[in-house]
Structure formats: structure tokens, C-alpha cells
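The values are calculated or read from the model by the stated rules, or taken from the named source; none is laboratory data. This structure is a prediction, so every number in the text was calculated from the model and none was measured. We place every Cβ from the backbone using ideal geometry, glycine too, and count neighbours over all the protein chains shown.
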């Protein structure tokens, strides 16, 4: 009797980044004398281009209804094991979000530089005061993918706040003193 061939385990690592296409929208706001640009992240889509560029590039520019939409390709959402707690926090919120950090050109155009699912990373850029960070609802497919990443690498340990640590320390000290 012949044994059934057992397939060899895949040696290819599962990808830890997801190629994305970002749609940034610019609107002119204010009166003609004091008008300025208002930017927002209109949408995020999976980038199915087989040879996605390694750096952000402007793929399309459209104007309608008083707004201009710039479509950017070549960006990836990359997950990091040490940010699992931030991903879990984001996924457990009512409306999980994706965050995009952008740089501004001399002409005033926003160029996406980083995509993250970590509110901690996004807030670090915002704390600088000069950084532009936009957000939009996270697509369901990305939520599932991040859940799988967390499951594959283990649930993160949630750190206790200082007051809880102090209380635990006081209780332990009292038990040692009276025991």
C-alpha cells in the first residue's frame, strides 16, 4: 500500500503589508479673498495593480462638484508585532479607522507618506503640530486581515495604568506586613 503524499508546509511567509490606493480630496473653502484648501481622506481601496510602485505616485486627478480628488498608488499598510495593542484598541472601537500621514509640497499638494492602523502612531505625528494626518473608516477586509495578524502573533498584553499598579502594590505590601 502506498502512503499518501503529504504536502510540504509553505515556506512563503504571509504578507504583513497590504497595497493600497488612497483618494485625497481638496476643496477650496472661504470667500474668494480668504480662500484656503481643505484636505480630507475620501476613501481607501485595495491596490490590485500587479506591479505597484515602491513609492507613492499620483495615479489620477479628477475634479467634480467643486472638489479635486487625487488618487495615489504605491502605499502599503504594514503591520508590526509591537503595535498589536494599538490595533486591538482601534478594532474594538465603534468605528475602526485608517490613518494617513501626509507631507505638503511647496505647491500645497498633500502627498501621502505613511498609512497606519495604529492610533498611537497617528497621534505621535499629530503631537508635532505641523504634521497632517487624515483618517477614514477602515474597510472590512482590512479589519479581518488585522484580526488574523493579531491571532497569528498572539493577543497583546494590555498594560495596567499607574493607579492600578499602585493599588496592586499597596495590597501586596499590606498582605506582606500583616501576613
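State yes or no: is residue 51 more than 21 Å from the chain's Cα centre (by Cα) and either buried (at least 16 other Cβ atoms within 10 Å of the Cβ) or at pLDDT below 85 (or both)?
Judged against the criteria, residue 51 is a match.
Within segment 94-105, does at least one residue satisfy the condition of being at pLDDT below 95, touching a strand residue (DSSP E or B) at 6+ places or on another chain (Cβ under 8 Å) and at positive phi?
no
Looking at 17, 38, which is the one that is modelled with pLDDT of 50 or more and more than 25 Å from residue 61 (Cβ to Cβ)?
Sole residue among the options that is modelled with pLDDT of 50 or more and more than 25 Å from residue 61 (Cβ to Cβ): 17.
Restricting attention to segment 61-79, and to residues there that are modelled with pLDDT under 95 and not in a strand (DSSP E or B), which single residue is surrounded by the most Cβ atoms within 10 Å (Cβ to Cβ)?
66
Give the residue, chosen from 117, 148, 124, 85, that is surrounded by fewer than 19 Cβ atoms within 10 Å (Cβ to Cβ) and closer than 18 Å to residue 19 by Cβ.
148
Identify all residues within segment 103-128 that are farther than 26 Å from residue 91 by Cα and part of a helix (DSSP H, G or I); write none if there are none.
None - no residue of segment 103-128 is farther than 26 Å from residue 91 by Cα and part of a helix (DSSP H, G or I), so the list stays empty.
Report, by residue number, each residue of segment 129-159 that is outside any strand (DSSP E or B) and under 19 Å from residue 40 (Cα atoms).
129, 130, 131, 138, 139 - these are the residues of segment 129-159 that are outside any strand (DSSP E or B) and under 19 Å from residue 40 (Cα atoms).
When segment 15-60 is examined, which residues are found to be assigned to a loop (DSSP other than H, G, I, E, B), touching a strand residue (DSSP E or B) at 6+ places or on another chain (Cβ under 7 Å) and without any contact (Cβ under 8 Å) to a residue 12 or more places away in the chain?
Across segment 15-60, the qualifying residues are 30, 35.
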